[in-house]
């Protein structure tokens, strides 16, 4: 029986140096942009 691999899509916000949080644990550098529909983006990336 042949097994098929599942698709995995990974999204993460990271700075140019590859870090997600500051040394103090902050992530205030991630700007909430009202022109970007993040909910729509997430829905479209979770469809099969």
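None of the figures in this text is laboratory data; all of them are computed from the coordinates on show. Quick caveat: nothing in here was measured; it's all calculated off a predicted structure. Methodologically, a virtual Cβ is constructed for each residue, glycine included, from the backbone with ideal geometry; neighbour enumeration extends over all protein chains shown.
Placing pseudo-labels 7 Å out from each Cα toward the beta carbon at residue 29 and residue 15 gives an inter-label distance of 0.2 nm.
Is any residue of the range 8-30 close enough, with backbone N under 20 Å, to a label point placed 7 angstrom from the Cα of residue 40 along the Cα-Cβ axis, and if so, which? From the range 8-30, the list is 11-12.
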